[in-house]
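Structure first, then comments.
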Amino acid sequence: MAALNAVRGALAGLSPREKRLLIMLAVVFGALVFAGLYWWSSMKLDAIERERADTIDALRTIQRMRPQIAARNARRDALLMRYHARAPALTSFVEEQARAAHVQVSESQDRPATPVGRRFSERSVSIRLRAVGIDALADFMDRIEAAEFPVAVTSVRIRRRFGEANRYDVDDMVIATWDQVAPSPREGAQAAAGDRREGRAP
C-alpha cells in the first residue's frame, strides 16, 4: 500500500509533458509485448502445421507404398519358407541336376559344414566339369538355383578348352546350401518368454 501511494505521489508530481511521455512509453511497451506474443504464437502454430503436414505426407507415402510393401513381405515369407526345407546331400542333388542338364561331373568333393551366425550352418560341395557347352552349363546352374530349398552357386572358375569351339572346363564350382540350426534350450526359453510378453501363442 505504501508503495502504491509512493507511485501515485510520483505521478502527481510529474508535469503534463512528462505524463504524456510516460503514457507514450507505456503504449509502446504494450505494443511490443503484444507483437512479441503474436510472433511467438505464430511460430508455434507454424511448427504445429508443419508437423501435421509432414505426418499427412508420411501417411500418404505409406498408403502409396502398400502394394510394394506387401510384395516385399511376400518375397521375404517365400524366402523364409525355403529355409524350412532342408537340402538333401549336395553331391547326390548336384549329380541329379547334372544328368538332367546333360552335364558330366568329373569330380566332386564335399566340404565340412561351417557355422553362419548363430542360426545357420553352411554345407558346400566343390565340383569339376570337363568339356561342357555354355548352354548346358547355363541350364545346369539354373536348375541348381531353382531348387525348393536354399542352394546357390557361390563361386565358379571356367576356362575355355584350347582348339575346341564352345567347350569349357569348369575347374572349381562351389555349390552351397544353408541349414537352420535348432536354438539352444536357453535361446528357446528366451524366445518363448518374449512370445508370452507380446501376447503371441506359442
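When region 80-132 is filtered for residues that are within 16 Å of residue 156 (Cα to Cα), of a type in the set (Val, Ile, Thr) and not in a strand (DSSP E or B), the ones remaining, listed by number, are 94, 103. Per this entry, residue 88 is not counted among residues that are exposed (fewer than 10 other Cβ atoms within 10 Å of the Cβ) and modelled with pLDDT of 75 or more.
Taking residue 171 as the residue in question, decide whether it is farther than 15 Å from residue 89 by Cβ and in a strand (DSSP E or B).
Values: farther than 15 Å from residue 89 by Cβ: yes; in a strand (DSSP E or B): yes.
Here the answer is yes, as residue 171 does meet what is asked.
Could you pull out the residue among 98, 113 that is hydrophobic (A, V, I, L, M, F, W, C), touching a helix residue (DSSP H, G or I) at 6+ places or on another chain (Cβ under 8 Å) and in the same structural domain as residue 167 (by TED's automatic domain parsing)? Give the derivation first.
Details: 113 fails: touching a helix residue (DSSP H, G or I) at 6+ places or on another chain (Cβ under 8 Å).
Going through 98, 113 in turn, the sole match is 98.
Taking every residue in region 142-162 that is assigned by TED's automatic domain parsing to the domain that holds residue 100 and pairing it with any residue that is in a loop (DSSP other than H, G, I, E, B), at least 6 positions away or on another chain, the pairs with Cβ-Cβ distances below 7 Å are 143/101; 148/85; 149/85; 149/86; 149/87; 150/83; 151/87; 161/167. Residue count for region 116-141 under the criterion of being without any contact (Cβ under 8 Å) to a residue 24 or more places away in the chain and of a type in the set (A, V, I, L, M): the result is 2. In region 97-119 there is no residue that is within 15 Å of residue 175 (Cα to Cα), touching a Phe, Trp or Tyr at 6+ places or on another chain (Cβ under 9 Å) and modelled with pLDDT under 90.
The values are calculated or read from the model by the stated rules, or taken from the named source; none is laboratory data. In this text the structure is predicted, and so the values were computed from the model without any measurement. A quick note on method: Cβ atoms are made from the backbone with ideal geometry, for glycine too, and the neighbour counts reach across all protein chains shown.
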